[in-house]
1. Looking only at the stretch 139-150, decide whether some residue is among the small types (G, A, S) and surrounded by fewer than 20 Cβ atoms within 10 Å (Cβ to Cβ).
2. Tell me which residues, restricted to the stretch 72-83, are in contact with a Gly (Cβ under 8 Å, 6 or more places away or on another chain) and surrounded by 15 or more Cβ atoms within 10 Å (Cβ to Cβ).
3. So for the stretch 146-163 (the condition being under 22 Å from P90 (Cβ atoms) and of a type in the set (S, T, N, Q)), does at least one residue qualify?
4. Tell me, yes or no, whether the stretch 184-194 has at least one residue that is surrounded by 14 or more Cβ atoms within 10 Å (Cβ to Cβ), assigned by TED's automatic domain parsing to the domain that holds G139 and more than 25 Å from Y73 (Cα to Cα).
5. Here's a check for you: in the stretch 219-259, which residue that is at pLDDT below 90 and acidic (D, E) is nearest to R204 (Cα to Cα)?
6. Kindly check whether there is at least one residue in the stretch 3-26 that is assigned to a helix (DSSP H, G or I) and either among the acidic types (D, E) or in contact (Cβ under 8 Å) with a residue 12 or more places away in the chain (or both).
7. Can you tell me which residue among S50, S46 is surrounded by 13 or more Cβ atoms within 10 Å (Cβ to Cβ), at pLDDT below 95, of a type outside the set (A, V, I, L, M, F, W, C) and part of a helix (DSSP H, G or I)?
8. Would you confirm, using the coordinates I've provided, whether A105 is touching a strand residue (DSSP E or B) at 6+ places or on another chain (Cβ under 8 Å) and either modelled with pLDDT under 95 or farther than 20 Å from T8 by Cα (or both)?
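The values are calculated or read from the model by the stated rules, or taken from the named source; none is laboratory data. All values derive from a computational prediction rather than experimental measurement. Cβ placement follows ideal geometry from the backbone for every residue including glycine, while neighbour counts extend to all protein chains displayed.
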Amino acid sequence: MIEFNSATKVYRSLLGRSVTAVEEFSLQVAEGEVFGIAGPNGAGKSTLISLMLGYFRPTAGSVSIAGLEPRSYVERNGIGYLSELMTINPAWTGEDALARFATLAGVPRQEVRRRVDTVIEQLGIAEHRAKKIKALSKGNLQRLGLAQALLRDEQVLILDEPTHGLDPIWTQRFRGIVESLRRPGRTIIIASHNLDELQRLADRVAIIDRGRLQRLVQTGYDQATETAGVYRLAVVSGADCMAAILPAATDLGGGEFQLPITSVAELNAALAKAIAAGVLVASVVPARSVLEQQFREAVGERG
């Protein structure tokens, strides 16, 4: 669906200076996939999005969507897009803004009201529809931005930092919205600093740094993959036996332990050993998700 083929983007100033924002970037994103983009500040995420939207053309290589140049695809089909920073006339009401966005997006005149009502309900902003933009909180403005991205039933959605400013309740609801938007023919791109959200939502995540693809991470857990990780165990009883049962575990106090493992199979074997010895385990959680672990390995402390 979306393909980068050795794409490079170089910015040149009037003084002749040049900055390479994206370099030799190759990647394919399939139809029906929820795909994440993660990287430290200045890694090239915004440039990748601009290339996908057709705002820029690559200096070298190519970018295509469904076999078309991005600008041609957007002009023919449209793309649902939420920018990281939204600037809306502060004197407009939320309802008025959505109606204007729908008109600009090409929603038929007779359908505008229905589509506006639908996304207002979907994003839970009915009580704010008549408020002026300047009166909206950061979180409600973000929900309004999400609403405008969903005004048309687009086959490609690009969401840049979609949970920025959302409270925990709406962050959880956003996950449900993304799941409801999944369909075989739709591609959803989510660029975010929130690795936990990408771990939960995305099928795969591209980790980029210094304009290059560093890693492509499958977010699920694979028992056949030897992936080093650290888990936190909380035990109700038997803490005094843990040192003898699992020598590699670090006692964090209060019945909590940190256990390094190399695979899911090793984790289960360790838990079975502890339980068989009479340890009562209350919880087991990864100290870092698969994605966070890979991110730290790929970009180090720059992330």
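1. Yes, the stretch 139-150 contains at least one residue that is among the small types (G, A, S) and surrounded by fewer than 20 Cβ atoms within 10 Å (Cβ to Cβ).
2. Once the filter is applied, which keeps residues that are in contact with a Gly (Cβ under 8 Å, 6 or more places away or on another chain) and surrounded by 15 or more Cβ atoms within 10 Å (Cβ to Cβ), the stretch 72-83 yields Y73, V74, G78, L82, S83.
3. yes
4. Taking the stretch 184-194 as the starting set, the residues that turn out to be surrounded by 14 or more Cβ atoms within 10 Å (Cβ to Cβ) are 186-194.
Of the ones still in play, those that are also assigned by TED's automatic domain parsing to the domain that holds G139 are 186-194.
Those still in the list that are more than 25 Å from Y73 (Cα to Cα) too: 193-194.
Yes: one or more hits.
5. D222
6. Of the stretch 3-26, the ones assigned to a helix (DSSP H, G or I) are none.
No, every residue in the stretch 3-26 fails to be assigned to a helix (DSSP H, G or I) and either among the acidic types (D, E) or in contact (Cβ under 8 Å) with a residue 12 or more places away in the chain (or both).
7. Going through S50, S46 in turn, just one is surrounded by 13 or more Cβ atoms within 10 Å (Cβ to Cβ), at pLDDT below 95, of a type outside the set (A, V, I, L, M, F, W, C) and part of a helix (DSSP H, G or I): S46.
8. So A105 fails the test.
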